[in-house]
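S.K.: Supplied in structure tokens, the structure appears directly below.
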Amino acid sequence: MNKIQSVVPILIVLMLFACSPKVDSRGYVNQVSLKEQITIGATTRDEVMAKFGSPSSQSSFGAETWYYISQRKEGTAFLKPEVAAQQVVRIEFDGAGVVQKLEGFDEKDSKDVELVSRTTATEGHTLGFFEQILGNIGRFNSGADGASSAAPGRKPSSRGGF
């Protein structure tokens with residue numbers, strides 16, 4: 001009985017720690033507001049890089065655009081974490097590398113995207129079970145000198161290499 005009484009407080013403390021919220025922050029850590037530090041038409045690409053570091057993502061086409069993305073999720077115990085805060089800052093540069101446009105988006109601006117579960121059929125021959133098992137029989141013949149043929153025109157040397 002005495003052992004059980006000493007274990008109970010430890011179990012209660014462990015259960016309390018298991019129920020404590022888990023916070024997961026990813027992406028750019030917004031220590032200072034990007035919008036307050038950037039002047040449209042004056043701040044250059046190099047200044048943005050020096051102040052905030054490399055962007056989370058960059059555009060692949062169109063005007064050069066940098067994205068600084070941050071997200072914070074909170075969850076408790078075994079429950080699925082939920083997005084507590086989300087922010088995306090979009091900085092567009094002109095041809096000279098000067099900030100042309102600055103926009104900010106948060107979780108209100110996000111949209112849920114439904115993934116399509118269909119698969120695209122590929123052309124070609126699909127092998128059945130027995131074709132996979134028996135397909136290589138007879139494909140690797142031994143050469144005239146008894147050694148297995150590696151590649152056409154190549155024979156193993158006496159030292160083991162080709």
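The values are calculated or read from the model by the stated rules, or taken from the named source; none is laboratory data. Every value quoted in this text rests on a predicted model; they were computed, and no experiment measured them. With ideal geometry, Cβ positions are generated from the backbone for all residues, glycine too; neighbour counts draw on all protein chains shown.
S.K.: Considering (1) in contact with a Pro (Cβ under 8 Å, 6 or more places away or on another chain); (2) modelled with pLDDT under 85, say which one I91 fails and leave the rest.
M.R.: (2)
S.K.: Turning to a different aspect of this structure: In segment 35-56, how many are under 24 Å from the mean Cα position of the chain (by Cα), of a type in the set (S, T, N, Q) and loosely packed, with under 14 Cβ neighbours inside 10 Å?
M.R.: 1
S.K.: Go through segment 31-76 and count every residue that is over 13 Å from V99 (Cα atoms) and among the hydrophobic types (A, V, I, L, M, F, W, C).
M.R.: Residues that pass the stated criteria total 5.
S.K.: Additional query: Quick one: which helices (runs of 4 or more DSSP H) sit completely within segment 1-111 and have at least 3 residues that are polar (S, T, N, Q) and free of Cβ contacts under 8 Å to residues at least 40 places away in the same chain?
M.R.: Details: elements: 2-18, 34-37, 45-52.
Because the criterion is at least 3 residues that are polar (S, T, N, Q) and free of Cβ contacts under 8 Å to residues at least 40 places away in the same chain, the helices (runs of 4 or more DSSP H) in segment 1-111 that meet it are 2-18.
To keep it simple, each residue is scored yes or no on (1) in contact with a helix residue (DSSP H, G or I) (Cβ under 9 Å, 6 or more places away or on another chain); (2) among the polar types (S, T, N, Q); (3) on the phi > 0 side of the Ramachandran plot.
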| site | (1), (2), (3) |
| --- | --- |
| Q37 | yes, yes, no |
| G41 | no, no, yes |
| V48 | yes, no, no |
| E82 | no, no, no |
| F105 | no, no, no |
| K108 | no, no, no |
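S.K.: Could you pull out the residue among Q58, Q100, Q71 that is closer than 30 Å to M15 by Cβ and modelled with pLDDT of 85 or more? Full working, then the answer.
M.R.: Numbers: Q58 fails: closer than 30 Å to M15 by Cβ; Q100 fails: closer than 30 Å to M15 by Cβ.
Matching residue, one of Q58, Q100, Q71: Q71.
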